[in-house]
Amino acid sequence: MKGQCKRFVSHKGKAYDVRPTKEDDDNIGFFDLWRYATFVERLVSLCAASLGALSSLGTLAGVIAYGELTALFVKRHTAARAAPDAYLLQAFGGGRIVPDGNRSLHMEALEEDSVAFACASVAIIALHLTAAAAAVALAQWAAARMVTRIRLQLLRSVISQEIAFFDTNTTMNFATTITEDMQKFSGGVGEHVAMTANLLGTVVLGAALALAYGWELTLAGLSVVPLSLCIAAVVAKYQTKCSSKEVTAYGAAGRLVEEALAAIRTVRAYGAEEQEVDRYTSSLSSAARFARLRGVWSGAGAGAGWLLTYALNAIVFAYGAQLCVRDMDLPVEQQDYHPGVMVTILFLTFMCAQNVAMCHPHLEMFSSARGAARSIYRLLRRKTNIDAMAGKGIRPDVFRGDITFENLYFNYPSRPDVKVLRGLSLRVRAGETVALVGGSGCGKSTLLQLLQRLYEPDSGQLTVDGHPLQTLDLHHFRTSIGVVGQEPVLFTGTIRENIAFGLSDVTDDDVIAAAKTAHAHQFITKLANGYDTMLTSGGTQLSGGQKQRLAIARAVLRKPAILLLDEPTSALDPAAERQVQAALDSASAGRTTLVVSHRLATIVNATRIVCVEQGAVLEQGTHQQLLEKRGMYWRLTQEDLTNKSIAATLSSEPELDDDDVTAADDVQHFSRCISRQSTRDSYRFTRSSIRMSTVSSAHVPRAAADALNHVEHVDEEIEKSEEVEPAVSSWALLQLNAPEWRLLAGGALASLLVGAAMPAFALLFAQLYAMFGLSDKAVILSQSQRYAAMFAGVAAACGLVTFLQSWLFNLAGSRLTDRLRRLTFQNFLMQEQGWFDLTQNSVGALCARLSTDCAAVQGATGTRLGTVLQGASTMVLGVGLAMFFSWKMTLVSLLSVPCVMGGIYLEGYVNKRASRLERAALERAARLATEAVLHVRTVHALGMYRHCI
C-alpha cells in the first residue's frame, strides 16, 4: 500500500524495521532544514539572511538614483519647468532646482547631477558589497559547521543501529547519503539563504518604495507577482517530490555499486562485470525518469517567471504613460506622475517580478535540499533497539567468562519464517574451550552473534557471569570479547593501527607481543615498512593466512575474557591452516573460547564438543566420548575423513616449519600482487615468472619480500602520479555530451534568444525618453500602446525560450549524468586488482566519486553552458547596439569590463581551488565512514564506534 514499507517482525511480534511515521510522510519544510542546528548556527544564519535583505537596499537605492537622474535628464533638456525634487541625488550635490528656463543653467546643473549620480553609485556599491559579502560569509560558516556536525551525527546514528537494521534495509546506500545527499543539503543551508534573502528583500522593500512613489501604477505592475508566487510555490512542491524520489532511486543504484566494489574479487571470479553494469544501468533508469520530470517543472517555472516579468513592463509602460499624460498640465508641485516617477516605479516593480523569477534556481536548490533532508533525517531520527553507545548497565571489573544459554528461541529479522534456534540451552564454564559443530544453518554462528548481542533473542535468556546480557554495559562487555571470523576484516590504515584498532592505551611493545602470539610478527617484519605497512580496506594485499593472523593478533591484544572463533580456518589452504591453528591455540589459552568449525583439526582438542541440530543441542562431550556414542558427531567425522584434502592434512601431508609456511603465504601474496604492475608498462610481469618448483623454500622468503618491496615502491609512484590531475577543457566536456547534440543545439539557440531579451528591453525602454519629449498627448499615448505591445511580444518569446533552455539542457545533462555514471562504474570494474589496493580507491571513495563528480560534470555542461551563452549573447548584442548609437560612450562604459571579468576569473579560480580541497577532504571522510558502515559487524564486535566517529 502507498506510504508503507515492508515490516519485518519476529514470531514474538517485535518489529525490527520502522514503518514511515507521520513525520516521515510529511514534506520537509524550509525551516526544517535547521532542525538539527544549534542556537548559534540558527542565529548566524538569521544574521546572514538579515544582512542579505539589508544588501537589497543598495540595489533599490541605485534604482531610485537612476529614476531621479532620468527625470532630471528629461527636464533639463526641455528646460520648460523647474526640475522635480531628487532627494537622493541632492544628498550628493545634485538635483539643483533651476527656477528659470535658461538652457545653459540646466546643462550645468545636469553635469552636477551626473557627478552626484556617480558619487551615489560608489556609495551604494560599497554598501551592497559589504553587506552581501558578510551575508554570504556568515551563511557559509554556519552551513559548514552544521553540515560537518550532521555528518558526524549521521555516522553515529547509522553505526549505532542494531545489525537487524542493516539486514532489513538492503537498499540503504550510506556512501550516497553522506556525499551526494549531504552536498544537496549543504546547498540548501549555505550561501543560497543569503542570496534568496537579498532577492526577497528586494521584492518586499521594492514594493513598499514603489507604493510610496505611486500606488496606482505600482498595484497595476505588481498584479503579476501573486501569480508568479503561486507558480513558484506549485513548481517548488513538485520539484521537491521529484527530487526526493530521485534521491531514493540514486541511493538504490549506489547500493548496487557499493556491493559490487566491495565484492570485486567475487565479481571477477564469476565474470559478472557486464551483469553488474546492466543491473546498475537498469537501476539508473528510474532515477533518470524523475530527474527529467524535475527538469520539466524547472523549465516551466523559469519560463512562466520570465513571461510574467516582462509582461509587467508592458503593463507599467502602457498605464504609466496614461498617468503621466493625465498630470502633464498640472503644476510641478501637484504632479503625482512624471517620467522620473514612472521610470522609478517601472524598475522597482520590474525588479520585484524579476527577483521572484530569479528565486527559482534557489528554490530548486532548497527543494533538492529538502528532498535530501528527508532521507538524512530518517536515519538521524531512528532509535536503535540495541544501543551500545548509551553507556548504561553493569560494568564488572573482570569477566570470568561463565556463559549460560537458557531455552533460546530466535528468528533472523530478515527471515522471520525460518526458525533458527528452538529452545537451545547450553552452559559454558569459565576457561572452557567449547566447539560447536553441526550442519549449515543449524544455529552455531547464531549463538556467537547472540552472545555479542548483535541480535536480541525472541525468548529465553543469555547470561554472562550470572548477569543477564541486557543488564550489562554493552560497550564495556564487547571490549572484553575477542572475535575472529571466517573472513577477517581489516581497515584502511597501517598494520599497527589494524592490530590496535579501537584501543588507545596500547604501546608498540603490546602490539608486537600480540603479533608474536598470533604468529604474525615474522611475516610483518619482512615487509618493507614492517608494522607501518599501509593496508587498504579488506587488506587485499595480504594472503588469507596473513589476514587471519592479524585478526587473531587484534583479538589477543584486547586481552579478552571470552574468545569467539567462527570458522577461522575454513577458507585457508592446509599450510596456512596449520600456522593459524597454532596461533589460535596460543590465543585460547586461559580464556573461555567458543569455536565454530567444520574442520576436525580445529576442534579435536576442545574441552567439550557440542553438536547442534535444528536449533537445539543434540549431544555433547569430548572428542573420544562422542566417537564412542557413534551418533551425530561420529557421522560428521566420517564425512570429514572421506574428504581427500582433509585426509591429506591429517595424515599424509609433511609437517611444514614456520619459514615454509611464511614463504608460501608470501609467494601467494606476491602472485596476487603481480597484477598491480600493469599500471606501468615497464613493470609488467606474468604469473609464470614464479615457479615454486625451481625456488627452494630457503630462498623464497627473501625473493618474495624483495618483489613485494618493489611492488610497494611502484604503488608509491602510482599514487604520486595520480595526485596531479590534468585539467579538462570545456570542449572535452562537450564531447562527452555529443550524443545529445540536438538537445544541446536547441538549448544553445534558446540561450542566445534569452540573452537577446535584455538588449531588446533596452531598445524599447530608450523610446521612453523620446516619447516624453513630445508635446502631443495623443501621440504619446499611441506610441506607449505600441511599445507596450512590443513588450508583451518580448515577454511571450522570452518565456517560451526560457522554458526550452532549461528543459533541453536539463534533459541533455540528465542523460550525460547517467552515461557518465555507467561508464565510470564500467571503468572501475575493468581496472586491475592492484588499482583497488590504492588507498584513494577504497569502496567509499569510489562511491563518493561516482555520485558527486558525475553530477558536477552535468552542471558544467548544462545549466552553466546556457548561462554562459546567454551572457555572451547579451554582451555582444548590447555592445553592438551601444556602438551603433554612440561609440564614445560605449568605450567609456567598457572600461569597467576588465574589472568585472577579472573578478569573475578570480572568483572561479578561488572556487575551483576550494572545491578541489573540499572534494579531497570529503572523499577521505566518505571513504572512512563508508568503510565503517560496510564492516559494521566488525565495528560492533570490537566496540569501535567512537574510534570510527
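Read-outs throughout are calculated quantities, based only on the coordinates presented, and are distinct from any laboratory measurement. As the structure is a prediction and not an experimental result, all values here were calculated from the model. Glycine gets a Cβ as well: all are built from the backbone with ideal geometry, and neighbour counts include every protein chain shown.
Laid out as a table, the results:
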| read-out | value |
| --- | --- |
| Ordering of 803-810, 284-291 by burial proxy (mean other Cβ atoms within 10 Å per residue, highest first) | 803-810, 284-291 |
| Spin-label model distance (nm) - Gln275 vs Leu749, 7 Å beyond Cα toward Cβ | 4.7 |
| Phi-based couplings in Hz for the range 224-236 (Karplus 6.51, -1.76, 1.60; Gly and Pro marked x) | 7, 5, x, 5, 5, 5, 4, 5, 4, 5, 5, 4, 4 |
| Amide H contacts of Thr433 (H built 1.01 Å from N, under 5 Å, at least 5 apart or other chain) | Thr593, Thr607, Arg608 |
| Built amide H within the under 5 Å cut-off of Leu490, gap 5+ | Gly538, Gly539 |
| In sequence order, calculated HN-Hα J values of the range 452-464 (Karplus, 6.51, -1.76, 1.60; Hz; x Gly/Pro) | 7, 6, 6, 10, 9, x, 5, 7, x, 9, 10, 10, 10 |
| Rounded to the nearest 20 debye, dipole of the range 84-171 from Cβ charges on Lys, Arg, Asp, Glu | 660 |
| Debye, to nearest 20: dipole size of the range 480-614, +1 on Lys, Arg Cβ, -1 on Asp, Glu Cβ | 200 |
| Listed residues Ile386, Val420, Tyr409: farthest to the positive end of the dipole of the range 369-424 (Cβ charges) | Ile386 |
| The range 403-652 - charge dipole about Cα centre, Lys and Arg +1 at Cβ, Asp and Glu -1, debye rounded to 20 | 360 |
| For the range 403-652, with +1 on Lys and Arg beta carbons and -1 on Asp and Glu, the positive-most of Ser459, Val506, His475 along the dipole | Ser459 |
| Reference-scaled alpha-carbon Rg (2.2 N^0.38 Å with N residues) for the range 353-509 | 1.53 |
| Listed peptides 29-42, 446-459, 312-325 by packing density, highest first (mean Cβ within 10 Å) | 312-325, 446-459, 29-42 |
| By average C-beta atoms within 10 angstrom, highest first, the peptides 391-403, 155-167 | 155-167, 391-403 |
